[in-house]
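I have placed the structure first, in the form of structure tokens, so that the comments after it can refer back to it.
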Amino acid sequence: MSGQVAASHILLMYAGSERSSATRSKDEALSEIENLKTQLDDGANFGDLASAHSDCPSGQSGGDLGSFGRGMMVPAFEDAAFGLEVGNTSGVIETPFGYHLIHRTG
């Protein structure tokens, strides 16, 4: 396995998640991210959904995080990103920042 991956993500924060200014509840965030996952499974464009919905500044560029190595992301995010095949999208991943969908791009 390579020491680096490239990925995009969609992040939905909730009230109380780390670095969050979101007002949605944790349950609302989970419901919204599950809805986005369903849209992706039905053929929606990842970058378009990231641009429209992600709470991360990377959303402005379709969720693109570029390349990163081990130890650069929180463990749950990193494990999911490194565990995906290029072109695949994760299920819902929870980190201290909120809920993510991760799309491996490289």
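Computed from the coordinates I sent, percent of Cα pairs over 23 Å apart equals one of (i) 26; (ii) 19; (iii) 34. Tell me the label.
Only one listed value fits the structure, namely (ii).
What ranking of ARG24, ARG19 comes out by heavy-atom accessible area, probe 1.4 Å, highest first?
On the way: ARG24 45, ARG19 195 Å².
Result, largest first: ARG19, ARG24.
Taking amide H positions as placed in the peptide plane 1.01 Å from N, state which residues far from LEU65 in sequence (5 or more) or on other chains have amide H under 5 Å from it.
Amide H to amide H, under 5 Å and 5 or more residues apart or across chains, LEU65 pairs with ALA7, SER8, HIS9.
Could you compute the FRET efficiency for ASP42 and ASN88, with r as their C-beta to C-beta distance and R0 at 22 Å, rounded to 0.05?
Values: r = 16 Å, r/R0 = 0.72.
Once the sixth-power term is evaluated, E becomes 0.90.
Taking Cα atoms, how many degrees apart are the long axis of helix 26-41 and the longest axis of the chain, rounded to 10 and kept between 0 and 90?
Orientation of helix 26-41: about 50 degrees from the principal axis.
According to a simple spin-label model (label point 7 Å from Cα along Cα-to-Cβ), what is the distance in nm between SER67 and SER25?
4.4
Calculate the dipole size of the chain relative to its Cα centre from +1 charges on Lys and Arg beta carbons and -1 charges on Asp and Glu beta carbons; express the result in debye to the nearest 20.
Working: 6 positive and 14 negative charges, 57 e Å.
Roughly 280 debye, rounded to the nearest 20.
How much accessible area per residue does the range 7-47 have, counting only protein heavy atoms and a probe of 1.4 Å, in square angstrom? Don't jump to the answer; show the numbers that get you there.
Values: 2270 Å² over 41 residues.
Heavy-atom SASA per residue in the range 7-47 reads 55 Å².
Ignoring ligands, DNA and RNA, what percent of the accessible area of the range 54-106 is carbon or sulfur (1.4 Å)?
On the way: 1270 of 2440 Å².
Summing carbon and sulfur atoms, their accessible area is 52 percent of the total for the range 54-106.
The values are calculated or read from the model by the stated rules, or taken from the named source; none is laboratory data. Bear in mind that the values here come from a model prediction, so they are computed numbers and not experimental data. Cβ atoms come from the backbone with ideal geometry, glycine included; neighbour counts cover every protein chain shown. Areas reflect the complete protein model, heavy atoms only, side chains present, ligands, DNA and RNA absent. Shrake-Rupley method; radii C 1.70, N 1.55, O 1.52, S 1.80 Å.
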